[in-house]
């Protein structure tokens with residue numbers, strides 16, 4: 001199975017920024033421990049403190065979907081509920097924009 005790559009960024013509203021910054025290290029740590037996680041990077045944009053650049057790679061669609069399920073039921077989902085997501089997901093040779 002081809003690996004799955006998600007890349008892009010999220011924009012966090014000012015009102016949620018403190019909570020996002022507090023929860024981010026735990027979200028990164030938990031995701032990197034997931035089976036099938038190859039790369040998981042989230043970094044605050046240097047020029048725009050409300051933007052977080054995201055790059056993640058999973059060994060296959062099953063691992064990616066398991067991550068999505070875990071994430072949707074996590075504190076990270078709560079603190080980023082108001083964030084605008086600008087992602088592109090690559091499954092093998094196809095790309096799907098995610099918002």
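FYI, it's all coordinate maths here, none of it is from the lab. Computed from a predicted structure; not experimentally measured. Heads up, the Cβs are rebuilt from the backbone with ideal geometry, glycines too, and the neighbour counts pull from every protein chain shown.
Assorted remarks:
- Identification of strands (runs of 3 or more DSSP E) wholly contained in the chain with 1 or more residues that are touching a helix residue (DSSP H, G or I) at 6+ places or on another chain (Cβ under 8 Å) yields 4-11, 37-44, 51-58, 84-91.
- When residues of the range 78-89 are limited to those that are under 12 Å from the mean Cα position of the chain (by Cα) and surrounded by 15 or more Cβ atoms within 10 Å (Cβ to Cβ), the one nearest to residue 39 (Cα to Cα): 89
- Filtered residues of the range 17-46 (kept if crowded, with 17+ Cβ neighbours inside 10 Å, in contact (Cβ under 8 Å) with a residue 24 or more places away in the chain and more than 16 Å from residue 90 (Cα to Cα)): 20, 23, 24, 27, 30, 31
- Selected residue (only one of 49, 92 is exposed (fewer than 13 other Cβ atoms within 10 Å of the Cβ) and under 16 Å from residue 7 (Cα atoms)): 92
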